[in-house]
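These notes are about the structure you will find just below.
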Amino acid sequence: MVDQAVHTGGPVPAAGSGPEGFTGRRRELDRLRADAGRGPDTLSGRPVPRGRVLLVAGRPGSGRTALAEEFVRRVAADYPGGVLRARLTGPDGTPVPTEDTVRDLLGALRRPVSAGAGEEELTGELRAVLGDGRRILLLDGVSGPGQLAGLLPDNPDCLVLAVSGGPLTGVRDVRPCTLGGLDTGSAVALLARCAGDDLRFTVDPRAAEELAEACGGLPAALVLAGGWLAAHPMASVAEALRRLAELPDEPFPGALPGGEDDGEGGTGVPGGSGGSPARNADGPAPARVPRPRRRRAVPAHPLARAFRLAYDSLPPSAARLLRLLALAPAGLVDAHVAAALAGCPPRTAGAALEHLARLGLLRPADAFRQAAVFRQAAVFRQAAVFRQAAVFRQAAVFRQYTVPDCLHPLLAALLAAGEGAAEVRLARARLLERTVRLLGSCRAAAEPPGSPARARAAGLPHALRFDTRAEAAAWLGSRLPALRAAARLAAADGELDTLARRPAVALTAALRAHRGAGGSAAERYRLQELLLPVTARRGLHGEHAAALLDLGDLDAGAGRPRRAMERYRAALDAARALGGQAGGVAVRAMESLGDVHAELGDRQRAADWYGRALALCQTGGDLAAEARLYARIGDGCRRAERWEEALRAWRAAAAVCRRLGDEEGCARALAETERVRKCADGGGG
């Protein structure tokens, strides 16, 4: 049975709308539970032969993800198969390829994933896995119905919970739950909890209600307003309301979609957010009949206003750091990422991140509780050595945060307005360089004690090294989504070609060191494909050929010989561009082509490629490869019953092994020679 915490696509979002627990949405939760337990799915009364699909829809900041997580928490006991989570859209709104999502889901289910498998093969495998049992599939950030096509399980006992910004037209019998703002009571309760002080709300309940209305009832805006109040314990609720009202209607033009109302049925009022009557230009406002108090008109973008309220309270250094967090890969941040972006020490960056999290501008990811590699946390706590345990020794430095998706457009707008292109490039370069150093230290931690790699890592600053292999593996597992994103960023950024390939190469080495060749095959395949355009763009023919050879080996190991041959031939073409330095690469490509033809039963072509590789080895003086190729030729000739050719090849292999001083290889070659002689004499074998 899959563990309830199975998750993919980054840290699990917090279940509540604020720092602790969940507020409001009782009606929406009841509706979701009713829809999940409803009977037949069609008008004809026939159940749909797939999992039921529930939709939680709402604009940015409406708390749609928090509601989905709270609903999953409440019904998880009804689904013993566990919970699978995936994000289908990146922080910048870019859809995640379905192939990547399915790979991550299968990995979370601990199912082996074939390296280089296509989308159709992967989705078929996922459906087969989800065919039995009762599971919840929580898909966050769904940008359109097409993303769900390959993910819906063919099992009516499964529940699919989709979180999106709008309707999913085309998905059959989807049950929508559309979110507006919180009701006034819940909104005020959330504000008070985030502010950490109920007294100010008790003293001025009218101002508290108006502040909640000015935030449009949006949980994200309420958290920011409450965070501002928490950071200003001497300020009243009325003061927060006044400051919010003084902000322009669009604090960040173009940061949010035009014409949207992020609140609950309100419209913007030019020049302010109040609902007071218009004044006569020639005199005071006309007398009017008293009427019941109306709801304050909600500004066009209450989330942007609340964000600006919090942002304006930051000191310049923290404000700059927050702007630069728009560059964080996959929206995941720790002290190392922040330090690299801002160019400051990790401890300083860690303290700044904690402050931003208290203001509601970041969300703690609590990776140590959610990642499987940190399951020992409970043991450390019980032993009263939690603070001294090595894996948590640098908790402040390695603590992970997420940039809320609803704030990413605002941060991007601030970054474009406040930072020059050169500074952005420099921040990205610092981030990628630190990522490479951390990955190198992570790989070194898997080496035996006393090895040169461990010795080099010991000379690194304390914040850049890992004391144990377990600590390094834990960091690698919890940061993998961000590390993947960093490698993609480096490969796509043509202005950082000096760093374009290094994150992918370093991540490949770290994964192989900690997960082995088989366990890292699927990830390595994606990373090597990422390297191909970079090495071609920069004219790195040797590295381009090496990436193609690795991909060919992975294709051959996954049972795709035709694709493997295409990779090997392309590697051979790349090796020819190296001229006199092509020897080793060309030999390996030819030998691999021979291996594939031998696997397919084409012994003649296999022998031809082995012969060409052998001639190149003899020219270059590579005795080890020469002995290996003679052995391959001899084995192929024996299988084809060409006894004289087999005898010559095995005798030559024995002679080369003698020159190398390889006694074991020589003995094997002589044994094979005797075996061939017996076969030639009709003795079998």
Criterion first (of a type outside the set (Asp, Glu), under 24 Å from residue 499 (Cα atoms), assigned to a helix (DSSP H, G or I) and at pLDDT below 90) does residue 396 satisfy it? no
Looking at residue 512, is it out of contact with any helix residue (DSSP H, G or I) (no Cβ under 6 Å at 6 or more places or on another chain) and of a type in the set (D, E, K, R)? yes
Counting residues that are within 27 Å of the chain's Cα centre (by Cα), over 25 Å from residue 441 (Cβ atoms) and not charged (D, E, K, R), which helices (runs of 4 or more DSSP H) fully inside segment 511-585 reach at least 1? 521-537, 541-557
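Please enumerate the residues belonging to segment 179-221 that are β-branched (Val, Ile, Thr) and crowded, with 20+ Cβ neighbours inside 10 Å. Quick ask: steps written out before the conclusion?
Residues of segment 179-221 that are β-branched (Val, Ile, Thr), as a first pass: 184, 188, 202-203.
188, the sole residue that qualifies.
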Inspect all residues belonging to segment 163-177 and state whether any of them is among the acidic types (Asp, Glu), assigned by TED's automatic domain parsing to the domain that holds residue 32 and assigned to a loop (DSSP other than H, G, I, E, B). yes
When you scan segment 135-158, do you find a residue that is part of a loop (DSSP other than H, G, I, E, B), in the same structural domain as residue 30 (by TED's automatic domain parsing) and touching a Cys at 6+ places or on another chain (Cβ under 7 Å), even just one? yes
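For (1) among the aliphatic types (A, V, I, L, M); (2) within 22 Å of the chain's Cα centre (by Cα), each residue gets a yes or a no:
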position: 415; (1), (2): yes, no
position: 418; (1), (2): no, no
position: 427; (1), (2): yes, yes
position: 441; (1), (2): no, yes
position: 444; (1), (2): yes, no
position: 447; (1), (2): no, no
Filter result for residue 31 (closer than 17 Å to residue 173 by Cβ and in a helix (DSSP H, G or I)): yes
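The values are calculated or read from the model by the stated rules, or taken from the named source; none is laboratory data. Since the model is a prediction, treat every value here as computed from it, not as a measurement. Cβ coordinates were reconstructed from backbone atoms using ideal geometry, including for glycine residues, and neighbour counts include every protein chain displayed.
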